[in-house]
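Q: A single structure is presented below for examination.
We did not get these values from a lab; they are worked out from the coordinates using the rules stated. These figures come from a predicted structure and were not determined experimentally. As a convention, Cβ positions derive from the backbone with ideal geometry for all residues, glycine included, and neighbour counts pool all protein chains shown.
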Amino acid sequence: MPEAGRSGGFGLYLHWPFCQAKCPYCDFNSHVSGRIDHRRWQAALISEIDRHGRETSGRILNSVFFGGGTPGLMPPDLVAALLDRIRRTWQVANDLEVTLEANPTSVESSLFQGFRDAGVNRISIGIQALDDAALRALGRLHDTARARAALETARAVFSRVSFDLIYARQHQSLSGWKTELREALEMTDGHLSLYQLTIEPGTAFGRLHARGALPGLPDEDLAADMYLLAQEMCEAAGLPAYEISNHARPGDESRHNMIYWTAGDYVGIGPGAHGRLSLGGKRLATEALSQPERWLSQVEALGHGEASRRSLSRNEQLAEYLMMGLRLRAGLDETRLSSLCVDDDLFNKINTMKEAGLLERCSGKLRATSRGRLLLDALLRELLPVEG
Ligand SMILES: C[S@@+](CC[C@H](N)C(=O)[O-])C[C@H]1O[C@@H](n2cnc3c(N)ncnc32)[C@H](O)[C@@H]1O
Ligand code: SF4
């Protein structure tokens with residue numbers, strides 16, 4: 001089974017951990033830093049590309065994803081140097097997807113052409129809300145007019161453009177969400193990510209919430225109605241959900257994310273980046289040091305930025321495969337599931353869930369029904385094997 005990771009494609013995730021400001025809801029590995037020595041960062045990232053290239057030589061790269069943090073703030077010549085090294089290190093697929101995440105600030109929009117010249121062919125913009133008061137409450141540095149302008153610039157430069165919205169925000173009504181979605185669908189080309197706001201411990205929102213100072217969050221029922229409304233409206237507009245939070249015109253799905261959800265292999269480079277690699281008959285999980293300066297110093301001193309590297313047990317692989325695969329509308333491959341699972345108990349639970357209308361079988365795939373997707377967290381808690 002470990003080598004089955006090779007059938008899900010091969011990608012490279014590169015984490016740029018810096019942002020202009022820290023948003024109060026965000027628990028991504030993102031930091032505000034006045035001084036970034038781009039030359040040191042370039043050398044360290046290139047040395048990590050080289051290191052991973054040595055252990056995965058011969059693989060064909062399907063996707064590169066610059067995630068963050070805010071990679072939209074990277075100097076385009078740094079992006080160009082990294083992509084150049086990547087192309088020299090691996091053979092790349094003819095249709096290599098190269099995505100970069102950006103915020104809709106004017107600084108970033110002015111760099112779009114430079115990113116395209118560097119080889120980026122898909123951009124994902126964090127618009128988050130189409131409501132100025134909501135953007136302020138989310139601590140964003142842009143307003144809706146700026147977001148629209150950034151999207152327009154992006155469209156003129158890139159053939160593939162996606163944007164993110166967050167719903168189930170404070171004081172958001174179902175009718176307000178409907179208006180935003182209608183506008184979003186008019187603005188979208190082929191891909192849209194819609195994330196339900198999660199209150200993460202350790203964030204400013206998490207701290208406010210813990211002391212009851214984050215009023216107006218929707219209850220579970222309203223949040224579920226918002227999710228269902230999004231499914232309905234996106235489907236009607238020709239952008240069905242291909243994953244819980246991601247909608248695309250058929251053919252415009254994010255190839256990079258599909259590598260994660262089909263449990264493919266990916267190299268993770270940069271602070272806090274995770275990787276999954278099928279090597280030597282094992283499925284390896286790698287994780288880089290998350291603190292940017294520590295990561296940089298360790299790469300320079302030891303020649304690698306890893307904090308840990310270990311082989312995943314069969315149960316861990318199974319848990320990941322279920323967690324990822326059931327997020328997909330298409331579901332997961334039953335043959336691969338059977339190759340991982342030696343436990344009748346899991347198949348009994350799956351059968352019970354099928355009878356309850358939460359899971360279904362469809363052309364060799366096991367997938368969550370629309371009701372199952374709505375209850376996915378609870379469903380996974382029930383299914384997931386205990387480590388052993
Ligand atoms: C890596 S993050 C941010 C990318 C970029 N820096 C930005 O802010 O636009 C990717 C996406 O995750 C979503 N996100 C981050 N924190 C979230 C949270 N607590 N709840 C829901 N969505 C969240 C946002 O939509 C964001 O655009
Ligand atoms: S949401 Fe984006 S811009 Fe805001 S702190 Fe997180 S990564 Fe940075």
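Q: If packing is taken as the mean number of other Cβ atoms within 10 Å per residue, what is the order of 96-103, 252-259, 222-229, highest first?
A: Ranked from most to least packed, the peptides come out as 96-103, 252-259, 222-229.
Q: Rounded to the nearest 500, what is the 222 nm mean residue ellipticity of the chain from helices alone, with -39500 (n - 2.57) per DSSP H run of 4+ residues and division by all residues?
A: -12500 deg cm²/dmol
Q: If you add up the charges near S193, with Lys and Arg at +1 and Asp and Glu at -1, over every other residue whose beta carbon is less than 10 angstrom from its beta carbon, what do you get?
A: Result for the local shell: -2.
Q: Would you work out the relative contact order for segment 314-388, in percent, from Cα pairs under 8 angstrom that are 6 or more residues apart?
A: It rounds to 40 percent for segment 314-388.
Q: Using the Cα atoms of segment 314-388, I'd like the radius of gyration and the largest Cα-Cα distance, Dmax, both in angstrom.
A: 11.0, 31
Q: Calculate the radius of gyration of the Cα atoms of the chain to one decimal place, then report Dmax, the largest Cα-Cα distance, as a whole number, both in Å.
A: 20.9, 58
Q: Output the relative contact order of the chain, whole-number percent, from Cα pairs under 8 angstrom with separation of 6+ residues.
A: 17
Q: Please report, largest first and rounded to whole Å, the three semi-axes of the ellipsoid equivalent to segment 1-149, where each semi-axis is the square root of five times an eigenvalue of the C-alpha gyration tensor.
A: Calculated on Cα positions only, the semi-axes equal 30, 17, 15 Å.
Q: May I ask you to sort E306, E355 by Cβ crowding, counting other Cβ atoms within 10 Å and putting the fewest first?
A: Ordered by Cβ neighbours within 10 Å, fewest first: E355, E306.
Q: Grab every C-alpha pair in segment 166-218, bin the distances at 5 angstrom width from 0 up to the longest one, and report whole percents.
A: With 5 Å bins starting at 0, P(r) equals 5, 17, 23, 20, 13, 12, 8, 2, 0.
Q: Charges only on Cβ, +1 for Lys and Arg, -1 for Asp and Glu: so what's the dipole of the chain about the Cα centre, in debye to the nearest 20?
A: In debye, rounded to 20, the chain gives about 720.
Q: Run the simple label-point estimate for S370 and V107 please: 7 Å along Cα→C-beta, distance reported in nm.
A: It is 4.4 nm.
Q: Right, next: Quick one: if you stick a label point 7 Å off each Cα along the C-beta vector at E382 and T198, how many nm between them?
A: 2.1
Q: Distance from the Cα centre of segment 273-349 to that of segment 159-226, in angstrom?
A: 29
Q: For the chain, what proportion of DSSP beta bridges, expressed in % and rounded to the nearest 5, is antiparallel?
A: Given both bridge residues lie in the chain, the antiparallel proportion sits at roughly 40 percent.
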